[in-house]
Amino acid sequence: LRVQRWQRPQRVANVHLSLLQVVHAHKPHFMALHCQEFGGKNYEASMSHVDKFVKELLSSDAMKDYNRARVYLDENYKSQEHFTALGSFYFLHESLKNIYQFDFKAKKYKKVTGKEIYSDTLESTPMLEKEKFPQDYFPECKWSRKGFIRTRWCITDCAFDLVNIHLFHDASNLIAWETSPSVYSGIRHKALGYVLDRIIDQRFEKVSYFVFGDFNFRLDAKAVVETLCAKATMQTIRAADTNEVVKLIFRESDNDRKVMLQLEKKLFDYFNQDVFRDNNGTALLEFDRELSVFKDRLYELDISFPPSYPYSEDSSQGKQYMNTRCPAWCDRILMSHSAKELILKSENDEKIVIYDHIGPNVCMGDHKPVFLSFRIAAGAGKPIANVHKCCVVQ
């Protein structure tokens with residue numbers, strides 16, 4: 001979940017309401033909620049709204065049956081070295097017994113009781129691992145907040161990691177268009193590879209893992225533009241003083257030379273947005289290629305929702321895309337191949353595994369949150385559980 005400008009109460013209310021609607025519909029017994037860009041861009045002014053959101057969520061009537069919770073908020077915005085603006089929430093239903101969380105310092109599981117909130121300096125919290133990517137990963141950004149938070153759980157005979165991740169964005173549409181795949185795609189691959197290597201290194205026993213957040217995966221810009229504007233001619237506009245390309249204009253060859261697409265550093269103005277919405281944008285999934293590099297390490301359920309970014313931040317335009325970037329499936333939930341085996345497969349064709357987006361018609365910022373709802377197969381993680389002598393559900 002992302003709410004870029006937390007000082008807008010209506011947007012925060014939309015997030016809260018939409019989230020609770022999903023909880024009511026699916027009634028999860030264990031709920032993990034991962035957030036990016038907590039506090040938006042004006043952290044000092046907005047953190048009070050973050051704290052209010054957290055308190056309201058914990059005390060809401062819809063959450064009354066969740067008698068245990070862990071909340072981790074990176075609110076240490078004054079630390080350029082460590083700040084990631086990530087937030088991770090975990091809620092446990094009263095019906096679940098003997099749920100354990102891993103202590104990375106003590107290297108053992110601890111039973112989860114009560115509700116606890118951790119904020120500011122998370123580096124000293126042994127119940128998670130948090131890292132911010134080095135500055136040289138994305139030197140274009142003077143103060144990047146990209147990084148990840150990892151927690152480990154043992155529940156219903158299964159041990160698994162939950163990783164909250166935020167990868168690097170595209171800084172310029174023009175640069176993204178130059179090569180296929182783009183230079184930004186390469187930066188994201190490097191960062192994601194680092195995280196995957198980190199969570200399966202030799203420090204701790206290997207377990208299944210789920211990675212979710214804003215991966216900033218983008219469609220292959222060059223291929224998309226060439227397809228959308230296959231019958232167009234391109235006009236290049238350069239800056240008078242530097243001769244740098246500042247704008248590309250694609251016009252239909254006939255039809256009075258109608259403008260189909262205008263491309264600038266932060267402008268992607270395509271004349272027909274319906275192509276990104278019709279049939280959930282399925283026609284464009286062939287250009288969603290960034291995950292293919294990790295096909296041997298990561299699995300994703302079929303996408304059946306429209307691109308999750310960039311939505312209008314006008315509260316009256318909940319379904320409208322902004323013309324700043326090419327719409328893309330930035331927000332994802334991925335998993336290791338062993339985690340895929342934990343998900344209970346239906347025995348009667350009932351749809352019990354759901355991968356979808358939240359709040360399709362309401363404004364919650366420029367990203368639409370996505371969610372994954374599933375049941376864990378009974379005994380699926382038993383070999384792991386036996387090692388740790390935990391996770392027996394009573």
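The values are calculated or read from the model by the stated rules, or taken from the named source; none is laboratory data. A quick note: this is a predicted structure, and the numbers were derived from the prediction, not measured. Positions of Cβ are generated from backbone atoms using ideal geometry, with glycine treated the same way; all protein chains shown enter the neighbour counts. Protein only, heavy atoms only, side chains kept; ligands, DNA and RNA dropped before computing areas. Shrake-Rupley method; radii C 1.70, N 1.55, O 1.52, S 1.80 Å.
Observations on the model:
- Theoretical gain in end-to-end length, Ala106 to Ile352 [0.36 nm per residue, Cα-Cα removed]: 84.9 nm
- Think of it as helices only: each DSSP H run of n ≥ 4 in the chain is worth -39500 (n - 2.57), and spread over all residues that comes to -6000 deg cm²/dmol at 222 nm.
- Computed magnitude of the charge dipole of the chain (debye, nearest 20; Cβ of K, R +1, Cβ of D, E -1): 980 debye
- Accessible area in square angstrom per residue, the range 1-160, 1.4 angstrom probe: 44 Å²
- Choice from Ala191, Ala377, Ala230 with maximal GNM fluctuation in the chain (Cα, 10 Å cutoff): Ala230
- Rounded, prolate or oblate (a/c below 1.5 giving rounded, otherwise prolate when a/b exceeds b/c) for the range 1-149 by Cα gyration tensor: oblate
- Binning the alpha carbon pair distances of the range 243-350 at 10 angstrom intervals from zero yields the distribution 11, 31, 31, 18, 7, 2, 0, expressed in whole percent.
- Cβ-defined net charge surrounding Glu178, 13 Å radius [Lys, Arg +1; Asp, Glu -1]: -2
- Selected from Ser60, Thr84, Ala191, residue furthest toward positive end of dipole (the chain; charges at beta carbon): Ser60
- Between helix 9-26 and the chain: long-axis angle, C-alpha atoms, 0 to 90°, nearest 10: 60 degrees
- Length released on extending from Ala239 to Thr227, taking residue separation times 0.36 nm less the Cα-Cα span: 1.6 nm
- Surface exposure of the range 305-345, expressed per residue as accessible area with a 1.4 Å probe, stands at 33 Å².
- With distances taken between every two different alpha-carbon atoms, the chain has a Kirkwood hydrodynamic radius of 22.2 Å.
- Debye log10 I(q)/I(0) for the range 133-213, one point scatterer per Cα, at q = 0.13, 0.14, 0.17, 0.24 Å⁻¹: -0.50, -0.56, -0.75, -1.14
- Within the listed set Phe168, Phe160, Phe104, the residue fluctuating most in the Gaussian network model of the chain (springs between alpha-carbon atoms under 10 angstrom) is Phe104.
- Mean separation of Cα contacts under 8 Å (6+ apart) over length of the chain, as relative contact order %: 17 percent
- The charge dipole of the range 98-176, taken about its Cα centre with unit charges on the Cβ atoms of Lys, Arg (+1), Asp and Glu (-1) only, comes to about 320 debye.
- Taking all Cα pairs closer than 8 Å and separated by 6 or more residues, the relative contact order of the range 204-250 comes to 25 percent.
- Among the listed pairs Lys108/Lys146; Lys55/Lys78; Lys27/Lys319; Lys78/Lys111; Lys206/Lys340; Lys110/Lys130, those beyond 21 Å (Cα-Cα): Lys108/Lys146; Lys55/Lys78; Lys27/Lys319; Lys78/Lys111
- Between the beta carbons of His93 and Thr113, assuming R0 = 22 Å, the FRET efficiency works out to 0.95 to the nearest 0.05.
- Here the extension length gained between Lys78 and Lys55 equals 6.0 nm, from 0.36 nm per residue of separation less the Cα-Cα distance.
- Normalised alpha carbon radius of gyration of the range 33-102 [divisor 2.2 N^0.38 Å]: 1.27
- For the chain, with all protein chains in place and a probe radius of 1.4 Å, 49% of the accessible heavy-atom surface sits on carbon or sulfur.
- Accessible area per residue was computed with a 1.4 Å probe on protein heavy atoms; Thr233 scores about 50 Å².
- For the range 196-291, the fraction of C-alpha pairs farther apart than 22 angstrom is 50 percent.
- When +1 charges are put on Lys and Arg Cβ atoms and -1 charges on Asp and Glu Cβ atoms, the dipole computed for the range 153-261 relative to its Cα centre reaches about 260 debye.
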